[in-house]
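One structure is given here, and the rest of the page talks about it.
The values are calculated or read from the model by the stated rules, or taken from the named source; none is laboratory data. Bear in mind the structure is a predicted one, so any value in this text is a computation, not a measurement. With ideal geometry, Cβ positions are generated from the backbone for all residues, glycine too; neighbour counts draw on all protein chains shown.
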Amino acid sequence: MSEQVRIVEVGPRDGLQNEKTPVSVEARIAFIEALVGAGLHTVEVGAFVSPKAIPQMVNSDFVLRGVNHHPDSEFHVLVPNEKGYEAARAAGAKVIAVFASASEGFSRANINCSIAESIQRFKPVIARAKADDIKVRGYISCVLGCPYDGEVKPQAVVDVAKMLWDLGCYEISLGDTIGVGTPVKARQLLRAVAGAVPMANLAMHFHDTYGQALANLYAGMEEGARVIDSAAGGLGGCPYAPGATGNVATEDVVYMLEGMGIATGVDMAKLVAATNEVSRLIGRPPVSRVASALNAKLRVANSE
């Protein structure tokens, strides 16, 4: 497993949009700048969605414009429809993400339409992005379980992944939205989806609700997956999954990878500093085990 792993930092979007305390545009820009400074060069920075639906993502255009001066970084924004696409493009987006579910129950609860309707909704978005030479990433939620439908069969995920791939998404991110997956199921899922989409074009987006995310990521890496979505400090959750904690923490992922001899290029001290600042703003400590451990060590060192 010595080859490179690409980390997609999703804290500024997928993380913050599920936190109750809103964070200002200036603070979101500062957070993204700190993450880039720590060595995370693929960052999801905002969502062009209705401010009524997700008030935490208001003014994502200002955030994207505020960070777009980094030539060596790739910034992603979530786009649900053509109106969102137009706003994202006007703000200088070079990579957009579209969102589907592997479960009908979640699709209806989350975006008020069926899976088939959701894909029809963003077909024109993907077509326009391709015409404009803008890359499109596809997200699939509830790949290992749904709060409404329960177990999700791998074939349901394969079907959605193939549709997104055939439409032109360059990468498909498989989301265990409620964090119920375990390593064998994660492995079986990746194996199944890799029959329709090349493994090199699959990303693992695992939440840590039941403490299984790192184990699931390791199982996926054994299958050959090399792209990991994570959020600094374990930010986030899911409003449709009661009790769901956030994404797997970037600090914990980096610690595991570095311990396996896989260089991430991430400066842990700078990453923890970024996490500590955003945690202060939202008024709760990071759920990252590594950040908690390093913060405790720092407190002891400072008190001596």
Just to be sure I understand, how many residues within segment 47-102 are within 18 Å of the chain's Cα centre (by Cα) and over 17 Å from ILE29 (Cα atoms)? 13
Within segment 35-67, can you find the residues that are free of Cβ contacts under 8 Å to residues at least 60 places away in the same chain, part of a helix (DSSP H, G or I) and of a type outside the set (S, T, N, Q)? VAL36, PRO55, MET57, ASP61, PHE62, VAL63, LEU64, ARG65, GLY66, VAL67
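Can you spot a residue in segment 8-31 that is over 20 Å from LEU281 (Cα atoms) and either under 17 Å from the mean Cα position of the chain (by Cα) or touching a residue at least 40 places away in the same chain (Cβ under 8 Å) (or both)?
Yes, segment 8-31 has at least one match.
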Of all helices (runs of 4 or more DSSP H) fully inside segment 81-139, the set with 2 or more residues that are touching a Cys at 6+ places or on another chain (Cβ under 6 Å), more than 30 Å from GLY66 (Cβ to Cβ) and among the acidic types (Asp, Glu) is none
Quick one: what pairs do we get from segment 155-179, first residue more than 17 Å from ALA97 (Cα to Cα), second surrounded by fewer than 20 Cβ atoms within 10 Å (Cβ to Cβ) and modelled with pLDDT of 95 or more, C-beta under 6 Å, 6+ apart or different chains? VAL158/ALA192; VAL158/ALA196
When ASN59 is evaluated against the numbered criteria (1) within 26 Å of GLY234 (Cβ to Cβ); (2) touching a Pro at 6+ places or on another chain (Cβ under 9 Å); (3) crowded, with 16+ Cβ neighbours inside 10 Å, which criterion, by number, is the only one it fails? (3)
So, in segment 117-151, how many residues would count as being among the aliphatic types (A, V, I, L, M) and out of contact with any helix residue (DSSP H, G or I) (no Cβ under 9 Å at 6 or more places or on another chain)? 1
